[in-house]
1. Mind checking the angle between helix 84-100 and the chain's longest principal axis? C-alpha axes, 0 to 90 degrees, to the nearest 10.
2. Compute the long axis of helix 104-135 from its Cα atoms, compare it with the longest principal axis of the Cα atoms of the chain, and write down the angle in degrees, 0 to 90, nearest 10.
3. Note down the relative contact order for the chain as a percent, whole number, built from C-alpha pairs under 8 angstrom at least six residues apart.
4. Please find the FRET efficiency linking residue 150 to residue 99, where r is the Cβ-Cβ separation and R0 is fixed at 22 Å, and quote it to the nearest 0.05.
5. Quick one, what does Rg over Rh come out to for the chain if you take C-alpha atoms and the Kirkwood Rh?
6. Relative to the longest principal axis of the chain, what angle (0 to 90°, nearest 10) does the C-alpha long axis of helix 16-43 take?
7. With n ≥ 4 as the cut-off for DSSP H runs, can you work out [θ] at 222 nm for the chain, using -39500 (n - 2.57) per run divided by the number of residues, rounded to the nearest 500?
8. If R0 is 22 Å, what FRET efficiency do you get for residue 21 and residue 116 from their C-beta distance, rounded to 0.05?
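Every number in this text was worked out from the coordinates using simple rules, so none of it is lab data. Keep in mind the model is a prediction, meaning the values are calculated, not measured. Cβ placement follows ideal geometry from the backbone for every residue including glycine, while neighbour counts extend to all protein chains displayed.
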């Protein structure tokens, strides 16, 4: 766990250990997600959806670097831990790919559903981290984490737009 030496002197220092544990968890999650995004992109039928996954892959690489800067800003070495939640979400995404690979008109809608579950997990995680950083007055960490939170929200909105304009409409047509 995190060192307690500095936590007593910072505002809301009791959150420090939780903050560091959550940082390690989300760093692990982002690293795991890189592999998952490649699979999602490869499975997507829509060029717009493939591009969204590829763009998020690049964003995720930047988010990993940003997390390393967050660790540095609080004088810790970046160290990831396996994120069980992300592992489960990615396992579910792989099951979706297998289950709907023979139904291309539904597959993209299913991929978006899986991807949005990931985004919502990330939004919740980064939202908590921003709050903890703010309470402990880790201003630099707060700003870096807030940037990532906004990127995750934008990705979620983009996925919704693709679902409404293409993927869900295609799935609906199949059922008529």
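1. Tilt of helix 84-100: around 10 degrees.
2. 10
3. Worked out over the chain, it gives 27 percent.
4. Efficiency, rounded to the nearest 0.05: 0.10.
5. Numbers: Rg = 17.9 Å, Rh = 17.0 Å.
Radius of gyration over Kirkwood radius for the chain works out to 1.06.
6. With both axes taken from Cα atoms, the answer is about 20 degrees.
7. -27000 deg cm²/dmol
8. The computed FRET efficiency comes out at 0.30.
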